[in-house]
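The values are calculated or read from the model by the stated rules, or taken from the named source; none is laboratory data. Small disclaimer: the values here were computed from a predicted structure and weren't measured. In this analysis, Cβ positions are derived from the backbone assuming ideal geometry, glycine residues included, and neighbour counts consider all displayed protein chains.
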Amino acid sequence: MTPSQFLTLLKKQGSPPLSLLLGPEAYQRRRIRQTLSAGLPEDSLAEHDLAAASFAQILDDARALSLFAAERLIWVVNAEAALPRGRGSSEEEGETEGGAGDGALLAAYAKDPTPGVTLVFEASRYEFEGEDKRKIERVAKFYASIPVVVELERYAPAQARQEAQSLAARAGLRLEDAALDLLVESLAGDVARIATEIEKLSLYAGGKPVGEADIAQLVPDARAGNIFALVNAMGRRDRARALEYLDALVREGEYLPLALSFLSTQFRTALAAREAGLKTAGQIQSHFSRMGVPMWGSRAEQVAQTAAKFSPAQIESAMESIYEADKGFRDARPDDRVVMERLILKLARITD
């Protein structure tokens, strides 16, 4: 089930005796933990690490009755550590002796859980896609006796932005659209980190609107915003603004070849958009999202501006200039600022 469905279940039926939280998404996992522990006294909460404690020890704790607390929450992290470790097919099928024993202990407890005890296993190491998919399936198989499984998948870009917008509204924080995009993008859509930064920004802002400059100044990892701003200005042929951003990047000691890499990506994406007949930011965002390429609204707008300012032939000329700049960065003793200034002037003068 999804985190939202689990939270609804908690409201309607209370805490289930056994739950498995499967997946890496930290924000929803934190919400679930806060909801489960709400109203419980400190001595009713316990945490175990399966990388250090045995399965038998944890279940013995769950079986133990407390003289002081009618309800208890036992949270078990690193649930993946319980997976049987063996060789060959026995590891793949989970048939090693220790693993089978732990699985039997868990199955026995699931049939007769201790009243008043909420036991939660947290398995957050693996993703639901790629190389981790098979591993997370093994975790789910091992914990098959747990009736309630919550899948904590990472937020998609659009979902992360929507959640960030909701968090900002609840915190009374007025974020400009571009600032919101920069916040979400610079933190890679990690809603747990976004929530923390929004809390800090709300204290800083004091009711005032927060713009891109505030995000770049206050949020870790967001200083790259000046790099994106430089790329955007160059994509618009705005020579004066591009030189201003370049000056800011030099003062901050940023790595200028990184800006060149982003610029190359923007022109390649703009060329692909041109070839696909895409004209608006909405069309560009939808097209690349369907192809599995994450595309924020602000980034789609920048690509649309670049595609509008440069013809396909001009984009190809720009790519040649970017290639020359990349070679310039690789010279024996390059002056990175001079290399970028030359590129800015070339892009501003490109004609068919």
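What the table shows:
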quantity	calculated
Some residue of the range 181-193 being in a helix (DSSP H, G or I), surrounded by fewer than 17 Cβ atoms within 10 Å (Cβ to Cβ), modelled with pLDDT of 85 or more and at negative phi	yes
Hey, residue 22 modelled with pLDDT of 85 or more and under 27 Å from residue 133 (Cα atoms) or not	yes
Check on residue 310, among the aromatic types (Phe, Trp, Tyr) and farther than 21 Å from residue 186 by Cα	yes
Enumeration of residues in the range 141-157 that are in contact (Cβ under 8 Å) with a residue 40 or more places away in the chain and either more than 18 Å from residue 26 (Cβ to Cβ) or of a type in the set (Phe, Trp, Tyr) (or both)	141, 142, 143, 145, 146, 147, 148, 155
